[in-house]
Amino acid sequence: MKKNIKSALTMSALVILVCLGLYYGKHYLSLGTLQQKAMYLRELVSTHYISSLIVYSVMYSVIVIIGIPTIGPLTMLGGFIFGALATILCALIAIAVGMTLSFLIIRSFFLPKLRIKFAHQQTQFASRMQKYGSTYLLTLNILTVIPFFVINALAALTGVSLWSLLWTSLVGSTPMLIIYACAGKKFAEINRVSDIFSPSIIIMFIILVALSIIPLIIKRLRYR
């Protein structure tokens, strides 16, 4: 009985958290809003470092779960107040936790609805997974064009294992996390996230994307 009550309360809290995040998240996690709070947060962290790091990691996981596209600004904020290394480690842990919870929740409760919503995308995703395997997932995460939530949903719909989803997400996300976290030094100065992409970073990213696509090209040629 107590176990059932605890499970119900946990699910209720998660639903409320998701609803609040979807309603308020885009406003309160925008670059401008985060910049306004950055100095205050930095001062707060200096006296409550560990607890602030935990709160930051939990928030990061929630953002991954509910799919608000604010990973860039949030990682830069972390780099500004915690330093690059701590932020990268926290972000990777938060992504692992967020992706796992999101994957399990989607697979347990939302598959029928998402199967209708992502019917066309599911067919394309399944076809490419069949051709290229985990390399395709890895490339999607390196490109950072598709939100974690969408990748999670498509992976759950097409029977991708949780392990394949996790390692490709973590490895593929690491380069951009490093760029964002290291750019945290300039967090208070930029007007938009794209300002951090200097010509050298763009060239490095193009090379990285090219290297990730090469296995896809090779597999496509073999498949033909």
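Taking a ≥ b ≥ c as the square roots of the eigenvalues of the Cα gyration tensor of region 40-114, is the shape rounded (a/c under 1.5), prolate (a/b larger than b/c) or oblate? Before the final figure, lay out each step's value.
Working: a/c = 2.79, a/b = 2.52, b/c = 1.11.
Note, shape of region 40-114 comes out prolate.
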Checklist line | Cα-projected label distance for V171 with L104, points at 7 Å along beta-carbon direction, nm | finding: 2.4 nm
Notebook entry, point to check: Given charges of +1 on the Cβ of Lys and Arg and -1 on the Cβ of Asp and Glu, with all other atoms neutral, how large is the dipole of region 61-186 about its Cα centre, in debye to the nearest 20?
Noted result: 240 debye
Check: So if we plug the beta-carbon distance of T47 and K186 into 1/(1 + (r/R0)^6) with R0 = 25 Å, what FRET efficiency do we get, rounded to 0.05?
Finding: 0.50
Item checked: Dipole of region 62-200, positive direction: furthest Cα of H120, G67, S102, with charges on the beta-carbon -> H120
Item checked: Distance between modelled label sites at S164 and H120, nm, 7 Å Cα→Cβ extension -> 2.5 nm
Check: Where a ≥ b ≥ c are the square roots of the eigenvalues of the C-alpha gyration tensor, would you call region 126-172 rounded, which needs a/c under 1.5, or, failing that, prolate if a/b is larger than b/c, or oblate?
Finding: rounded
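Values quoted throughout were computed directly from the atomic coordinates according to the rules given, and no laboratory measurement underlies them. Not measured: the values here are computed from a predicted model. Glycine gets a Cβ as well: all are built from the backbone with ideal geometry, and neighbour counts include every protein chain shown.
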